[in-house]
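A short worksheet on the structure shown next.
What follows draws every value from the coordinates through simple rules; no lab data is involved. All of these numbers come straight from a predicted model, not from anything done at the bench. So basically every Cβ, Gly included, is an ideal-geometry build from the backbone, and we count neighbours across all protein chains shown.
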Amino acid sequence: MPRNSVRRRPRARPAVAVAALAVLVLPVLGGCTTISDQLAITPVSDSGPDPTAPGALPSLTTTDWGVTGSLVSVVVTNHTDRVVRRARLAATLRDADGTVLGTSTSMPDQSGCCTAEGVGPGESHGFYFLTDVPVADPATARLEVGFREAAWTGPAGAPEPAARALPVGVEPGAGLTVAVVDVATVDALPAAVVQAELRDPAGRLVAVVSATWTCLPAATTTRARLELFEPVPDDVRIGAVWARPAPLGGGAAPDC
C-alpha cells in the first residue's frame, strides 16, 4: 500500500500522516458527478434554509477520480458560496458488471481518508479509499459518489485563508517521489492538512499526496515534503496544492 510521510522540521512538524492518494487518470473522467444529486441521507446545516429542501445541500462536484492497483482517489470542488464545514465521503467503485470492488465506508475513521473539513468556496479536496482486490480493468470501472453526512456555513463571503500552499517542485527518486510545498500561515495553526496534485506534462492528474502537519507558527513559511511511495513518471510536475486548518476533533491539541 502506498504511503506518504513528511520530514520533521523545527517547530512545525508532521502529525500522523494521511495515506498518499495515488491516481492514474482514466478515459472515464469526461463527466462530472454532483454529490447533491446522489446524497441518500439527510444533511445538517449550521444556518440557511431547511437542509431537506431541494437544492439546499451545497453542490460538491467530482472533478477528478482514478484508480491504480487497489487505490481509488476522488477530488471534489466546492462550487458554492458556502464553506463546507464537514463532509464524509460515501463512495462505491463497481466493475462493468456492477460488482462492488470497494467502498469508502469500509475505511477506518482514523485513517483520514474520507472526511473533508473547512473547504471554502472554489476550493478542492482529495479523498481516497482501498478496494478489496486490485482493479483488473480500471477503464471500465464506475464510481458512485455521495456523502454520509454534510454540514456547512453560510451563505457568506469566503473567509481569508488561514494558510496558503505554494508549489515548489518535485524530487523524483528510486521508489520515492517527493512533492515539495511551502505553507504560508497568517496565524499560528495547531494542525493543517496539506495536499498536492502531481500531473503529467499534458496536465493529466497522476497522483495526489496528502498529510497533516502540526504546530505551524504564525506569519511563517514552512516547507513541507510530501513523500509518495508509488511509481510515477519521471516528468511529473506539481499541479494544484492546498493547505487548510485541520480540526482536532475531540482530541487533545498538540504540544507546540
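Fully extended, how many nm does the chain gain between Arg94 and Leu176 (0.36 nm per residue separation, minus their Cα-Cα distance)?
Working: separation 82, 0.36 × 82 = 29.52 nm, distance 2.99 nm.
Separation in residues times 0.36 nm, less the Cα-Cα distance, equals 26.5 nm.
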Inset, instruction - Run the quick spin-label model on Arg237 and Arg142: label points 7 Å from Cα toward the beta carbon, then report their separation in nm to one decimal. - result: 3.7 nm
Legend entry - Segment Arg204-Thr220, length gained on full extension (0.36 nm per residue, minus Cα span): 2.6 nm
